[in-house]
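A.B. asks: One structure, pasted below without further comment.
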Amino acid sequence: MIAETGESPTLAEIAARVGLSSKSAVHYQPGRLQKLGMVARDDHSHRAYRLA
């Protein structure tokens, strides 16, 4: 997605890519990846996640 648009994916885009019907089902995963230090988050953007 970043390669296609230059922006991080939204939760809805992530949900669609992994086959989930609800973006709330995806919401937990980025937070977990952030706690593991795999992604970083900018709190001032909707497309806030980037690889750490």
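A.B. asks: For the stretch 11-51, give me the residue count where each residue is part of a loop (DSSP other than H, G, I, E, B) and at pLDDT 80 or above.
C.D. replies: 6
A.B. asks: Another question about this same structure. Take the residues in the stretch 24-52 that are under 9 Å from the mean Cα position of the chain (by Cα) and in contact (Cβ under 8 Å) with a residue 24 or more places away in the chain, then tell me which one is least open to solvent (accessible area, probe 1.4 Å).
C.D. replies: For the stretch 24-52, the residue satisfying everything is Ala48.
A.B. asks: Consider Glu7 carefully, then state whether it is in a loop (DSSP other than H, G, I, E, B) and either surrounded by 13 or more Cβ atoms within 10 Å (Cβ to Cβ) or in contact (Cβ under 8 Å) with a residue 40 or more places away in the chain (or both).
C.D. replies: yes
A.B. asks: Still on this structure: If I go through the stretch 13-23 residue by residue, how many of them are under 17 Å from Val39 (Cβ atoms), surrounded by 12 or more Cβ atoms within 10 Å (Cβ to Cβ) and either touching a Leu at 6+ places or on another chain (Cβ under 7 Å) or not β-branched (Val, Ile, Thr) (or both)?
C.D. replies: 3
The values are calculated or read from the model by the stated rules, or taken from the named source; none is laboratory data. These numbers were taken from a predicted model, which means no experiment stands behind them. We place every Cβ from the backbone using ideal geometry, glycine too, and count neighbours over all the protein chains shown. What goes into the accessible areas is simple: the full protein's heavy atoms, side chains included, and nothing from ligands, DNA or RNA. Shrake-Rupley method; radii C 1.70, N 1.55, O 1.52, S 1.80 Å.
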